[in-house]
Amino acid sequence: MRVVSGIQTTGNLHLGNYLGAIRNWVRLQDRMGADDVCLFFLADLHALTVTQDPATMASNTIEMAATLLAAGIDPDRSILFNQARVPAHSELAWILGGTARVGWLNRMTQWKDKAGKNREGASVGLFTYPVLQAADILAYRATHVPVGEDQKQHLELARDIATKFNLDFNVDLFPLPEPMIPEDTPRIMSLRDGTAKMSKSDPSDMSRINLIDSDDQIAAKFRKAKTDPEPLPSEVGGLAERPEARNLVTIYAALSGETSQDVLANFGGQGFGAFKPALADLAVAKLGPIRDRLVALLDDRAAVGATLAKGAARADALARPTLVAAQQALGLQI
Ligand code: ATP
Ligand code: MG
């Protein structure tokens, strides 16, 4: 099994990223056998599809890498690196640009959503983003890709590109990668609006728990989280029309490893005056140690950079033979 997954370097990681992605990566890494490889990368090239401030870009990459390390990614067992350091991603993306069709990219919902009405003003990179993503995966001949629901269409496209390349050039170079979406992956909503996803790009910092937040910040954000005046129900059905209450119960369950029904068995009938402090205590207990490790790692940013450089060398050694094989299939003289 060869697993590849990336995360865009567009800001600080939050509880939604942790419960929806990073924790699954750590679990995957911990389940790997001797012949399996996990590659996790900071998608700094993908971040270029929207305008980035260079200084922020550099610090984001180090901070996000430190967060992954603090959350349990082990750079000896997994290969952790930043995309820009491994040229095969860009080189293969160009090659696959000859295989992908404009019509395929035009159908991508992320392109339609992110470009909006201003297609003429969108960057070319935003349009060809899924081709780079295909290269990210295919360069390692990945068999499995942990993705969120929102990325399933892009993985489908990577499979189409792989199939067409293999067929056009009569090679068996790219295996078709399978999506991996663990069933218990929760979708965490904003603490200010239970109908909006918790996200890095939400302008309100109170809407999310950042993995760098202090214990006091975590407690204050849960204390001020939007709720309704009713006590918690004792059955999950009672949360149907209460998105904010449902979100807090989902977070509690995800952090404690229980089901939402278990949580309601304990807290049903109680008000938020009792539930919020219990949730804050649980979150501090689970996230505090990650934050403490993160703060310690950020004391030596150069060491985090060196870890990424080492990971990049290992990633490069895996990706280069695939790139060379693709170049040979095309008759390129390299
Ligand atoms: P942005 O606002 O810039 O899109 P984001 O917070 O949505 O940032 P991404 O970099 O798009 O974060 O996503 C990184 C990973 O975290 C993806 O696997 C995504 O599915 C997951 N993820 C992001 N937000 C949530 C959330 N609220 N709940 C669960 N998973 C999430
Ligand atoms: Mg997102």
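The values are calculated or read from the model by the stated rules, or taken from the named source; none is laboratory data. Everything numeric here is computed off the predicted structure, so don't read it as measured data. Cβ placement follows ideal geometry from the backbone for every residue including glycine, while neighbour counts extend to all protein chains displayed.
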- Message: When you scan region 230-242, do you find a residue that is crowded, with 18+ Cβ neighbours inside 10 Å and modelled with pLDDT under 95, even just one?
- Response: no
- Task: Go over the candidates Arg246, Arg192 one by one and state the one that is more than 20 Å from Ala21 (Cβ to Cβ), modelled with pLDDT of 95 or more and in a loop (DSSP other than H, G, I, E, B).
- Result: Arg192
- Note on the structure: Contact list, first residue from region 318-333 and at pLDDT below 95, second anywhere and surrounded by 15 or more Cβ atoms within 10 Å (Cβ to Cβ), beta-carbon distance below 9 Å, six or more apart or interchain, is Gln333/Gln327
- Task: Name the helices (runs of 4 or more DSSP H) wholly inside region 1-100 in which the number of residues that are within 16 Å of ligand 1 (Cβ to nearest atom), on the phi < 0 side of the Ramachandran plot and of a type outside the set (D, E, K, R) is 1 or more.
- Result: 23-31, 44-47, 54-71
- Exactly one of (1) out of contact with any Phe, Trp or Tyr (no Cβ under 7 Å at 6 or more places or on another chain); (2) away from ligand 2 (no atom under 16 Å from the Cβ); (3) among the aliphatic types (A, V, I, L, M) is unmet by Ala162. Its number? (1)
- Inside region 133-152, can you point out the residues that are within 13 Å of ligand 2 (Cβ to nearest atom) and over 17 Å from Arg23 (Cα atoms)? Asp150, Gln151
- Message: Take Ala158 and tell me if it is modelled with pLDDT of 95 or more, more than 16 Å from ligand 1 (Cβ to nearest atom) and either in contact with a helix residue (DSSP H, G or I) (Cβ under 9 Å, 6 or more places away or on another chain) or not in a loop (DSSP other than H, G, I, E, B) (or both).
- Response: no
- Message: Restricting to region 196-227, and then to whatever is assigned to a loop (DSSP other than H, G, I, E, B) and of a type in the set (Asp, Glu), can you tell me which residue is farthest from ligand 1 (Cβ to nearest atom)?
- Response: Asp213
- Note on the structure: Conditions (1) touching a Ser or Thr at 6+ places or on another chain (Cβ under 7 Å); (2) under 30 Å from Gly97 (Cα atoms); (3) away from ligand 1 (no atom under 14 Å from the Cβ) -> Ser260 fails only (2)
- Query: Does region 233-279 hold any residues that are among the β-branched types (Val, Ile, Thr) and within 22 Å of His14 (Cα to Cα), and which are they?
  - Reply: Val249, Thr250, Ile251, Thr259
- Message: Could you check region 101-119 and list, in sequence order, the residues that are assigned to a helix (DSSP H, G or I) and hydrophobic (A, V, I, L, M, F, W, C)?
- Response: Val102, Trp104, Leu105, Trp111, Ala115
- Message: Can you confirm whether Leu96 is within 19 Å of the chain's Cα centre (by Cα) and under 25 Å from Ala317 (Cα atoms)?
- Response: no
- Query: In this structure, does Ala100 turn out to be closer than 30 Å to Leu211 by Cβ and crowded, with 18+ Cβ neighbours inside 10 Å?
  - Reply: no
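Residue-wise test of (1) in contact (Cβ under 8 Å) with a residue 40 or more places away in the chain; (2) among the hydroxyl-bearing types (Ser, Thr, Tyr); (3) more than 26 Å from Leu28 (Cβ to Cβ).
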position	(1), (2), (3)
Arg159	no, no, no
Pro186	yes, no, no
Arg192	no, no, yes
Pro243	yes, no, yes
- Could you tell me whether any residue of region 161-177 is out of contact with any helix residue (DSSP H, G or I) (no Cβ under 9 Å at 6 or more places or on another chain) and within 16 Å of ligand 1 (Cβ to nearest atom)? no
- Task: Pick out the one residue from Tyr129, Tyr140 that is within 13 Å of ligand 1 (Cβ to nearest atom), closer than 18 Å to Glu91 by Cα and in contact (Cβ under 8 Å) with a residue 24 or more places away in the chain.
- Result: Tyr129
- Task: Among the candidates Ala220, Ala162, Ala158, Ala225, single out the residue that is within 19 Å of Ala43 (Cβ to Cβ) and either surrounded by fewer than 13 Cβ atoms within 10 Å (Cβ to Cβ) or small (Gly, Ala, Ser) (or both).
- Result: Ala158
- Message: So if I check each of Pro175, Pro231, which one is within 30 Å of Gln327 (Cα to Cα), part of a loop (DSSP other than H, G, I, E, B) and over 21 Å from the mean Cα position of the chain (by Cα)?
- Response: Pro175
